[in-house]
Every structure is written in structure tokens, then in C-alpha cells.
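Trainee: The structure is given below, and queries will be raised subsequently.
The values are calculated or read from the model by the stated rules, or taken from the named source; none is laboratory data. Fair warning: this is a prediction, and the values are worked out from it, not measured in the lab. FYI the Cβ positions are ideal-geometry reconstructions off the backbone, even for glycines, and counts take in every protein chain you see. Each accessible area value is taken on the protein alone, full model and side chains, heavy atoms only, with ligands, DNA and RNA left out. Shrake-Rupley method; radii C 1.70, N 1.55, O 1.52, S 1.80 Å.
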Amino acid sequence: MRNLKLALRTLFRTPFVTIVAILSLALGIGANTAIYSLFDQILLQPLPVAQPDRLVNFVASGAEYGYQSCNSAGGCDEVFSYPMFRDLERAKTAFRGIAGHFLFGVNVAMSGRTAINGRGVFVSGSYFPMLGIRPAIGRLLSPNDDETIGGHPVVVLSYDYWANRLGADPNVIGQQLLVNAQSMTIVGVAPEGFSGTTRGERPYVFVPLTMGAVLDPGDADFDNRVENWIYLFGRLRPGVTIEQASASINTVYSHLINDVDAPLQKGISATALAQFKAKKILLNDGRRGQSVMMRTSRTPLVLLFSITAIVLLIACANIANLLLARAANRTMEMAVRLSLGAARRQLVAQVLIESVLLAILGGLASVLVANWTLMGITALLPPQAAVGANQGSIDVQFGFSALVFTAFVSLATGLAFGVVPALQSTRPDLVTELRNNSGKLTGGRGAARFRTGLVTAQIALSMALLIAAGLFIESLRNISRVDLGIKIDNVVSFAISPGKSAYDTVRTAALYARVEEELAALPGVSGVTSAAVPLLAGSNWGKPAVSVEGFQKDPDTDAASRYNAIGPNYFHVIGVPLIAGRDFTAADRANSLPVAIVNEAFAKKFKLGMNAVGKRMSVGNDSLNITIIGLAKNSKYSQVKDQVPPVFVRPYRQMMGRMDQIHFYVRSSVPTEQLLHAIPAVIKKLDSNLPVEGLTTLTEQVRDNVFLDRMISTLSAAFAILATLLAAVGLYGVLAYSVAQRTREIGVRMALGATSATVSGMVLRQVGVMTLVGAVIGIAGAIALGRGAQALLYELKGWDPMVIALSAVVLTVVALGAALVPAVRASRVDPMQALRYE
């Protein structure tokens, strides 16, 4: 306590230094804590289940043929067919159990309440028992609830849905819940904190896998072995290693692939069939669940974490410089205390306590900075990923693990920046210091060189961050200049899913027609159209094999194409020019000639050239029964940054069998805010129980499509600016201290005839050398950083000369700005006063 009280008195004896140190630490630690919160939630936290380290995910490596339906739980190489899942589940292997799951869209409603749209999860009966979790109330699903296809209308609610939507009513057990218009009995509520095994998703309900035949018949095929749509994971038996489990499961899988599935593969070459037969199941760590988000966010989060670590290093260098300067001025104090019998370890401990106390105060202040940073990150996230969303949500918050991280970093930095000053200030030459009792001690040339080295390192790190930020900003500029091929201004989009509200095909077609009429009648609306696959929303429909008149192919030919089902006047409304032919009209319906429109990429791939109109095509190896009636200019399909793929589109009225959901696009001359308010009223008038999904402007949809690039650019720029300002503060502090310590030298120089310009030049030369050395080192580091981040840059190299040059200019201006005041102060030293003072 005595040392602590002394430390407090010492810190508050120099309030300016203390405040600057606390602010520097708060900014450095706060930035790290904010990014760590994301890093921990997305990449580190295990599932809240029993022994998560015994879970493994299944990946079907090798050639894939047939149909794949995949979602945010993983890639299309990670899905299996329903019969394959059941065969693996029944086999005797090294697993205690194997479970399957698949995300699907739901409209859910209690009796008398308006339906809301969200996510649900189909889960096998083994899902909950294998995870080893207990319900909040009621019971969870068991194998008995998953025996008969379509025969188990029971549902488990997620804790969030039960608490937030149903008021945590304990009497919901046994009540009926409408799930996609099917009445299902609520049997339980999942435990608090459990949101399934797909990171980044917050489902409303958990439904038996076999109910997919009723709730989502378009995607769930239970008899077809070449239709893959289920994600699998397993729990290892006690004592079994992943290698042993891999050998065990692949013995069974190899037999099933070769003897059961291979004979079903049609239209592939002998080479492709051999590759198919060689397929294996890979087992991956399953403790964190299955999620595309973990794979796509790893590189950006590691990069941002590295950037914030650099910011913290710069902050620590600042504090070390401040403490070194203060330690030099305390040399007399330490010399006297040592001469009076104080042990050196006591003095080192005292200085370290001061450093750690400073770090703790900075750590406490960093909690506010971290929360502000997380709020800023939340503002950058798209609506479907923001806090409070019930699907695809990222719960950006300052949790317990982040608090532990903050405490650890605070203590570590306190020790890191306190060790050198502690050792330096307690090793004086006692006789010399007592004889030179001047009160104006330099702290030694070694300490001065160390401080200069720290500032040079800060400049180097700042340079690296400025270049990195410049690269990401330039990359974002490149993205903003991408020719989308569509006109996104003044267009509002939304979706409805009548198939989830018990609409049959006839009623669905009639509803779509009514919606088009009502929307077209709104004031200022100039066009209405629709599409099954939403524009630039990350969604894809693909056909692995397309046949086109005049295009020769063999079993190994790449004949795949993306496709879509669209409404009348689609190309006119979204602003895509037709090179030849015509757009679809309301006359293109089920009983009319099957037609399609293709884009330039499709015409190029299938060698149609400019003569696509009039040619015939088909999906798969069927007879050429579809006539191409239009050739459209290339336009972006799923991702802003992706190359335009080959795409063909069909009128949705000719494909009503799979049109249980559709996305509408409304172009208007009135402000889009009016449409955003008018559209829900239109849908409510037609069906008050039909939720409006994803209501947004097309401009905002495009922004959300590249939100990761915007977030990285914004955060890296903010952290680079912060790092540069911290480095400027450090540079200013070292120069100001250096000028103060060299007052006598400067006085002598000026007494011997040196001019003010000469003295100022001396200080600026010192800055120039540090800036030049730091910039060169920083450029080398930035090039290495740019190579590591190359995958995140769009049409830009990681060593862009213009970005490097601009960053160097910015850093030079900041360095000269930091040096200006010390240089002017040095030039105004009065020789007589300086010599008299000494």
C-alpha cells in the first residue's frame, strides 16, 4: 500500500504526462479489445455444449456430381444426401453418433399473432442428444421424433424467440405454432445461449429433419442419392482420435460410394467416375460448429487484429518514451534513495508499480473506447448482420472474455513499457550524480538513443499502417467504380414467401400478379418486376449441365451455367440493355412456348456469338425445348467483385413449381423513403399474415454486398490515423525533451554565432533522419503486409506505388508538423539565459 500511495502521488505530480499516457493506452488497448471481441466470438468461442472438443465436421472431398443445395452452414463440398446420412448413421463406426442439419426459411406465428419471417433448422433426432444440452423448459427432439418422413409435427423453440417474442411464457409447451403454415406442437425450448451449430445464425425454431418433406419440399429430397443438402457432424467415442475415426468412417463411405452411389452417376466420363469413386470424408475440428462465416472472416479479422496490435505497440512506445524522460529527471531522486540504503529491487518494483498502475488506469478507460469502437463496427454491418437481427446476426458486444483480455493486455503493457525505465533509472553513477547536482540530467546517451529508436519504430509502424489503409481505400474505390451493368438508383426491393404460408401454385401465381398490379399503381412508380434469385445478394442458382444448339460437348465438358426465374420487363426495370431480341411479357406463361434470355457471357461460353436469338437450349441432357428470345448485356449476378458468369433466365410464370418465394423490384421517380413505407401497406392489404422480407433499396443492397470491404477500409483508415497521431505525439515528446536537455548546447552554439535558422535546421534534420529511416522500414513492412492481404484487395497490387508515395507525403507532413514547435522553441533560446541557467 505504501508503494501504491507513492505511485499515485508520483503520477499525479505530473498530470499532463499521466493524462497523455492514459489516453494513449486507452486508445491502443480499446482498439485491440474491440477487434478481439469480434475475433473471439467468430473464431475462438466453442459451442456451448458438452465436450465440444470431441465434435468433428464432415466434408465430402473430391468430385461432386448431381445437385447440391448449400447455405451459410458451409460450402457445397460439405453436404450429403439424405440416404447417405442415414447409411452412415446406422453403420458401426468410431463415432458415438452422427447428426445432420440444414437451415431453411420460416414464417412462424402463434395463434392470433402476425407471422414473422426468420430462420429455422432441420435437425436429425440425434442432434440434441449428441450435443449433450438440456432444455430451458419442456424437452428437446429425440430420435423418436425423426423416424417417419413428414410424420412428426413437433418443434423446439430457440431461447431468444421464446424470450423476446413470447415473453418467456412457461405455458407454451403443448401449444400450437404455425411453421410455414403447418401447425406444429411446441415440445420444448432450447437452453439460453444456444443458437444452433451454425455460427452467425439465430434460428427461431428447431424442427425434425424428416419434416422437410412438408415444410420445405423444394429443397429436401429424401430419396435421391445424387441430391446433396444435409450438413453432418459427429461425436467421437472416448479415447478415439480423429485419425482412427477417419479410417473407420471412410471404410463405410468407400463401400457406399463405389457400390451404391457410383452406378447412379449418369453422363460422366470414365475419368470423372474414377475420381468420384476415390472420394473421401475429411474430418475437421467441430468445436466451433459449422459456418461459412468462420472461413470468410478469418483473414480480415487476423488483419485487423494485427493492425490494432501495431497501434498498441505505438502507444506503448509513447509511454516508454514519456517514462524514460521522467526517469532521467528522477535520476537524482534514485541516487539519493540508493545512497540512503534503499535496495535496487525496491526501486525497480516502485517504478514498475507506477507503470502497471498507469496501464490499469488506461485499461479502465479503454473499456469506453472499445464500446465506442464496437458501436462503430455495428453501424458498418448490414441490417441482417447487426445486433438484434434474428437471422445471420453477429452479437457485437463487450463480453467477459473481452474483459479478461483487456485486463491481461493492460498488465502486460504495463510491464512491457515499464521495465526499461525501471532499470535505467535505478543504475546511476551515484558519485557523479551527487557531484553534478544540477537538476538537469540527460539520462545518458544510451537512453537518448533508445528513445530515438522508439520514435523511429513508431514512424515505421505508422508508415506501414498508412500504406495498408491506403491500399484498402483504393481497393474500395475500385469496387465503387465497378460497372454493375444495372441501374441501381431509385429502386426498392423486397421479398415475399407465400409458399411458407400454405399457398399452392395457383394461389401463388394469382398473388404475384396482384402484387405487381398494386405496386404499379403506386404514385411515381415507373416499373415493377421480380426475380427468384435476388440481385447482388450472394445467392446463386446453378445448373451443372446445359445443352445448347450447335455446342458440342462430352461428359467432361464444362457446361454449367447460373440461371434465374424473372418477371415481365425485368431487363427494362433494372436497366440492363438487350442487345438483341425482346424482354419477357405477361404472355410468357406456363402454356406458352418455353423461352429464355441469355447474357453475353453465356453466348460466349456456348459459342453463340451475336446470333443467340432463335437458337434452342435445354437444361441437362433433355431435348432442346427452350427457345432463346433475347441476348442481354452482361450484368453482375451474385457478387459485385466476381466476374459476370454465364447466365440464362426464364419467365417465372413458366417455372411456378419452384416459385414459393420471389423478390420484387420497384423503380420510382419519388423518393425511395416513400416506397419503403408504402410497400408493407400494399402487402398487408393483400394478406395481413404475409411478412415482407428484406425491404431495402437496391443501392443499400449493393453496399451490403461489399460491407466487408467497407468495414476493413474504414477501420484500417481509422486505426492508421490513430497510429499516426500517436506517433506524432511521441515524436513531439522526444524532440521537446531533446531541446530542453540541449538548452546549454544550443545556447553555446548561438553564442558562437549560430543563427535561428541553423538551430531550427538542426532539429529538423534530426526529424528528417528518423522519418527517412522509419519510412524505409515501414515501406518494407507494408509490402509484406500487402502481400498477405492480397486476397482482400480488388484489382490492386499490394505494393501500389501511388499509395506508397501518398502515404510517405502524409507521414512527412505529420512529422514536420510535430517537429515545428520544438524547432521554433530551439531557435528562440537566449544564449545568456541558457548559460546562466546551467
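Trainee: Residues of the range 342-374 with the amide nitrogen closer than 19 Å to a label point 7 Å from the Cα of VAL419, along Cα-to-Cβ, please.
Mentor: Under cut-off, by backbone N: 344-360.
Trainee: Given a 1.4 Å probe and heavy atoms of the protein chains only, how would you sort ASP223, ASP285, ASP687, largest accessible area at the top? List each step's numbers first, then the result.
Mentor: On the way: ASP223 135, ASP285 70, ASP687 30 Å².
Sorted by accessible area, descending: ASP223, ASP285, ASP687.
Trainee: Rounded to the nearest 5, what is the percent of antiparallel bridges among the DSSP beta bridges in the chain?
Mentor: 75
Trainee: Then there is this: In debye, nearest 20: dipole of the chain around its Cα centre with unit charges on the Cβ of K, R (+) and D, E (-)?
Mentor: The calculation lands at about 3120 debye.
Trainee: Quick check on the range 20-179: take the gyration tensor over C-alpha atoms, sort the square-rooted eigenvalues as a ≥ b ≥ c, and tell me if it's rounded (a/c under 1.5), prolate or oblate. Could the numbers behind the result be given before it?
Mentor: Working: a/c = 1.96, a/b = 1.25, b/c = 1.57.
Taking the square roots of the gyration eigenvalues as a ≥ b ≥ c, the range 20-179 is oblate.
Trainee: On the full set of protein chains, 1.4 Å probe, figure out the accessible area of THR714 and give it in Å² to the nearest 10.
Mentor: About 70 Å², rounded to the nearest 10.
Trainee: Hey, how many Å between the Cα centroid of the range 811-834 and the Cα centroid of the range 458-535?
Mentor: One Cα centre to the other: 55 Å.
Trainee: Near ILE574, within a Cβ-to-Cβ distance under 12 Å, what is the net charge of the other residues, with Lys and Arg +1 and Asp and Glu -1?
Mentor: So the environment of ILE574 carries a net charge of +2.
Trainee: Using a 1.4 Å probe and ignoring any ligands, DNA or RNA, find the accessible area of ARG9 and quote it in Å² to the nearest 10.
Mentor: 140
Trainee: A further question follows. In percent, what relative contact order does the chain have, based on Cα pairs under 8 Å that are 6 or more apart in sequence?
Mentor: Values: 1560 pairs, mean separation 134.4, N = 838.
This gives 16 percent for the chain.
Trainee: Go through SER592, LEU38, LEU283 and say which Cα lies farthest out towards the positive end of the charge dipole of the chain; charges sit on Cβ, +1 for Lys and Arg, -1 for Asp and Glu.
Mentor: Final value for the positive-end residue is LEU38.
Trainee: Could you check the simple spin-label distance between SER480 and ASN689, using points 7 Å along Cα→Cβ, in nm with one decimal?
Mentor: It is 4.7 nm.
Trainee: Rounded to whole Hz and in sequence order, give me ³J(HN,Hα) for the range 733-747 from the Karplus expression 6.51 cos²θ - 1.76 cosθ + 1.60, θ = phi - 60°, writing x for Gly and Pro.
Mentor: x, 5, 5, 4, 5, 4, 4, 4, 6, 9, 4, 5, 4, 5, x
Trainee: If you take the beta carbon distance between ALA587 and GLU700 as r and set R0 to 56 Å, what does 1/(1 + (r/R0)^6) give as a FRET efficiency, to the nearest 0.05? It would help to have the intermediate numbers written out before the result.
Mentor: Working: r = 34 Å, r/R0 = 0.60.
Approximately 0.95, to the nearest 0.05.
Trainee: If you don't mind, another one. Please compute the net charge surrounding GLY485, taking Lys and Arg as +1 and Asp and Glu as -1 over other residues with Cβ under 12 Å from its Cβ.
Mentor: Overall, the nearby charge balance is +1.
Trainee: Ok, one more. Pairwise over distinct Cα atoms, reciprocal of the mean inverse distance: report the Kirkwood radius of the range 750-835 in Å, one decimal place.
Mentor: 15.4
Trainee: For TYR67, TYR82, TYR512, give the ranking by accessible area with the largest first, probe 1.4 Å. Could you put the intermediate results ahead of the total?
Mentor: Numbers: TYR67 70, TYR82 25, TYR512 0 Å².
Heavy-atom accessible area, descending, gives TYR67, TYR82, TYR512.
Trainee: Which sequence of ARG225, ARG298 reflects their accessible areas, 1.4 Å probe, from the largest down?
Mentor: These residues rank, largest area first, as ARG298, ARG225.
Trainee: Let me ask something else. Could you work out how much longer the chain between ALA412 and GLU745 gets when fully extended? Use 0.36 nm per residue separation minus the Cα distance between them, nm to one decimal.
Mentor: On the way: separation 333, 0.36 × 333 = 119.88 nm, distance 3.85 nm.
In short, 116.0 nm is gained.
Trainee: Right, here's the next one. Could you give the length gained on full extension between MET802 and ASP554, defined as 0.36 nm per residue of separation minus the Cα-Cα distance, in nm?
Mentor: Extending this stretch completely gives an extra 84.4 nm.
Trainee: Between the range 638-684 and the range 111-139, how far is it from one alpha carbon centroid to the other, in angstrom?
Mentor: The range 638-684 and the range 111-139 have Cα centres separated by 31 Å.
Trainee: Now for a different question. Which value, in debye to the nearest 20, describes the size of the charge dipole of the range 135-261 about its Cα centre when Lys and Arg Cβ atoms bear +1, Asp and Glu Cβ atoms bear -1, and nothing else is charged?
Mentor: With only Lys, Arg, Asp and Glu charged at Cβ, the dipole is about 480 debye.
Trainee: OK, next. Can you tell me which lysines have their Cα less than 24 Å from the Cα of LYS633? Leave out same-chain residues fewer than eight positions away.
Mentor: Within the straight-line limit of under 24 Å, LYS633 reaches these lysines: LYS487, LYS543, LYS604, LYS605, LYS607, LYS615, LYS641.
Trainee: Another question, then. Restricting to DSSP H runs of at least four residues, report the calculated mean residue ellipticity at 222 nm for the chain, -39500 (n - 2.57) per run over all residues, nearest 500 deg cm²/dmol. Mind showing how you got there, number by number?
Mentor: Values: 24 runs with 398 residues, N = 838.
The per-residue figure over the chain is -16000 deg cm²/dmol.
Trainee: Here's another thing I want to ask about it. Please work out whether the range 175-267 counts as rounded, prolate or oblate from its C-alpha gyration tensor, where a ≥ b ≥ c are the square roots of the eigenvalues and a/c under 1.5 means rounded, while otherwise a/b larger than b/c means prolate and anything else oblate?
Mentor: Here the range 175-267 falls in the oblate category.
Trainee: Net charge around VAL829, counting only other residues with Cβ within less than 10 Å of its Cβ (Lys, Arg = +1; Asp, Glu = -1)?
Mentor: Within the 10 Å Cβ shell, the charges total +3.
Trainee: Still on this model: Using a 4.7 Å Cβ cut-off, which Cys residues in the chain lack a partner cysteine?
Mentor: Lacking a cysteine Cβ partner under 4.7 Å: CYS316.
Trainee: Another question, then. Express in whole angstrom the spacing between the alpha-carbon centres of the range 185-259 and the range 539-612.
Mentor: 35
Trainee: Output the antiparallel fraction of DSSP beta bridges having both residues in the range 495-637, as a percent to the nearest 5.
Mentor: Of all bridge pairs located within the range 495-637, approximately 65 percent are antiparallel.
Trainee: Picking from THR296, SER475, LEU55, whose Cα lies most toward the positive end of the charge dipole for the chain (charges on Cβ: Lys, Arg +1; Asp, Glu -1)?
Mentor: Positive-most Cα among the choices belongs to SER475.
Trainee: Let me ask something else about it. Leaving ligands, DNA and RNA out of it, work out the accessible area of CYS76 with a 1.4 Å probe and give it in Å² to the nearest 10.
Mentor: Accessible surface of CYS76 is approximately 60 Å².
Trainee: Which shape class applies to the range 478-563: rounded if a/c is under 1.5, otherwise prolate when a/b exceeds b/c and oblate if not, where a ≥ b ≥ c are the square roots of the Cα gyration tensor eigenvalues?
Mentor: oblate
Trainee: Next up: Of TYR127, GLY453, LEU23, which is farthest along the charge dipole of the chain in the positive direction, counting Lys and Arg as +1 and Asp and Glu as -1 at C-beta?
Mentor: Checked the options; the winner is GLY453.
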